[in-house]
Amino acid sequence: MKLRIVTATRGHSPFFNEAISSIKNAHPEAGQVIVCPAACVPSIAAGAGAVVLPETGTGLYAALNQGWRAPGEWDAFTWLNDDDLLLAPGFGGLLEALTRRPEVDVAYGRVRLIGARGENLGSHPVAHRG
C-alpha cells in the first residue's frame, strides 16, 4: 500500500521537526508532502526529506488538497498537523487493518492530547464506534 502523508505548515511551529520525524519513524516508506508559504520552502526542503510545495491557495484545507493532488501515486492518504505526532505502534496496526480489508474506505484512530511541555492531557477517540 502506497501511503501519502500531507502536512500543511506556516513554517513556525516549534514542534514541526518532531512531527516530521514521527512520520519517518512510524512509516518510513510513506510519501511525505509538505505545503508551506513560498518563503519557507528553501529552509523546510533542506531538512525535511520530503516533497515541499509552495502553497497556492488560502487556508488549511486548500493546502491539504494541494498536497493530495501533487504528482505521484498513492493508495491511501492521511495528514498530520505540524504540531502533532504519528505514533508507530497504533499507526502500523491501522495500516495492517486497511491492507487486510481493502473494502474499507475510512479508518480512524485515537488522539492523545499533549500539552506545550509534552505532558499528557488525555485522549479521546476520533469516532464514536471503533
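Taking the listed residues 20, 34, the one that is within 15 Å of the chain's Cα centre (by Cα), within 18 Å of residue 86 (Cα to Cα), open to solvent by less than 20 Å² (accessible area, probe 1.4 Å) and at pLDDT 95 or above is 34, with no other qualifying. If you check every pair at least six apart or on different chains, which have Cβ atoms under 9 Å apart with a residue in the range 72-99 that is on the phi > 0 side of the Ramachandran plot first and a residue that is open to solvent by less than 50 Å² (accessible area, probe 1.4 Å) and aliphatic (A, V, I, L, M) second? If the second residue must be open to solvent by less than 50 Å² (accessible area, probe 1.4 Å) and aliphatic (A, V, I, L, M), the pairs left are 72/33. Checking 70, 88, 48 one by one, the residue that is open to solvent by less than 30 Å² (accessible area, probe 1.4 Å), within 14 Å of the chain's Cα centre (by Cα) and not basic (Lys, Arg) is 48 and no other.
Per this entry, residue 43 is counted among residues that are at negative phi, without any contact (Cβ under 8 Å) to a residue 40 or more places away in the chain and either part of a helix (DSSP H, G or I) or not hydrophobic (A, V, I, L, M, F, W, C) (or both).
Scanning the range 1-16 for residues that are closer than 22 Å to residue 69 by Cβ and in a loop (DSSP other than H, G, I, E, B) yields a count of 5.
Among the residues of the range 57-66, those that are open to solvent by 70 Å² or more (accessible area, probe 1.4 Å) and not in a loop (DSSP other than H, G, I, E, B) comprise 60, 61.
The values are calculated or read from the model by the stated rules, or taken from the named source; none is laboratory data. Computed from a prediction, not measured in an experiment: that's the story for all the values here. We place every Cβ from the backbone using ideal geometry, glycine too, and count neighbours over all the protein chains shown. Note: areas computed on protein heavy atoms with side chains; ligands, DNA, RNA excluded. Shrake-Rupley method; radii C 1.70, N 1.55, O 1.52, S 1.80 Å.
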